[in-house]
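Q: This is the structure I have questions about; it appears just below.
Laboratory data are not the source of any read-out in this text; all were calculated from the coordinates shown. Keep in mind the model is a prediction, meaning the values are calculated, not measured. No Cβ is skipped: glycine too gets one built from the backbone with ideal geometry, and neighbour counts run over all protein chains shown.
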Amino acid sequence: MVANRQLILPYAAPYLAYVGIASIPSTYLSTELGYLLRLIAVPLLLAWAWRWYCPLRGPRSVRGSVGVGAVAGLVGLVVWIALLTPFAAPAEAQHWTSQAFLLRLLSAGLVVPIFEELMMRGFIFRLALQWDKARKGGEPDPLHTALDQRSVSEVSPGAWSWAAVGISILAFTSGHAMHEWPAALAYGLLMAGLWINRKDLIACITAHAVTNIALACFVYATGFWQYW
């Protein structure tokens, strides 16, 4: 068993690399080059860390999870747009170049759903669940127990607690811009529900990918770049 403390880096590295590259000022790195670097660095880190990740599959059929995830992704798109609309700022929206749009589409549709769901629902959700169980079980230091005596790979498919749901949603929301927080809170709840219902990460990854790709198509077709 690999303890959770040792798993922090494998789960966090792709996320941190993506955010780190995105944080480089545009004066030093163009939008196109920034996304190209993310499309190279993040998959390489995912490949390196894959041996430590929890299984993506659960007890239910993969086809069913993909189907449910696709439907949930479209529902998530509607929820995201509805909750983002009151806070979107059209005056600040800028049209993306074709190259930048394509690279961001590839990144948002193929890379982000994998590393974000592994990080949020694969690690943080399960770690929070193990901490919550240790706390309820009367452990003197439940965080130490969860980090050093537990592994997220031991968590049963679909297992959950309200604390795990809440902590994972807050972690997911904190990774978004402030005007996106209402939408991110609702979307995080949707993803937690998928994990609980389908008992695997395939549904979550599929839903996340469908939402991101559909959102990209929506903004490209309508010109409402403030939603992206």
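Q: Taking a ≥ b ≥ c as the square roots of the eigenvalues of the Cα gyration tensor of the stretch 1-79, is the shape rounded (a/c under 1.5), prolate (a/b larger than b/c) or oblate?
A: In terms of gyration-tensor shape, oblate.
Q: Treat the count of other C-beta atoms within 10 Å as a stand-in for reagent exposure and order 78, 155, 210 from fewest to most.
A: Neighbour counts put them in this order, fewest first: 78, 155, 210.
Q: Now, a different point. Provide, as a two-decimal number, the C-alpha radius of gyration of the stretch 144-224 over 2.2 N^0.38 Å, N being how many residues it has.
A: 1.30
Q: Tell me which label goes with the value of Cα Rg over 2.2 N^0.38 Å computed from the coordinates here: (i) 1.03; (ii) 1.33; (iii) 1.14.
A: (i)
Q: Something else: What value, in deg cm²/dmol to 500, does the helix sum -39500 (n - 2.57) over DSSP H runs of n ≥ 4 give at 222 nm once divided by the residues of the chain?
A: -21000 deg cm²/dmol
Q: Hey, in the GNM for the chain with a 10 angstrom Cα cutoff, which one of 20, 58, 76 fluctuates hardest?
A: Comparing 20, 58, 76 in a Gaussian network model of the chain, the most mobile one is 20.
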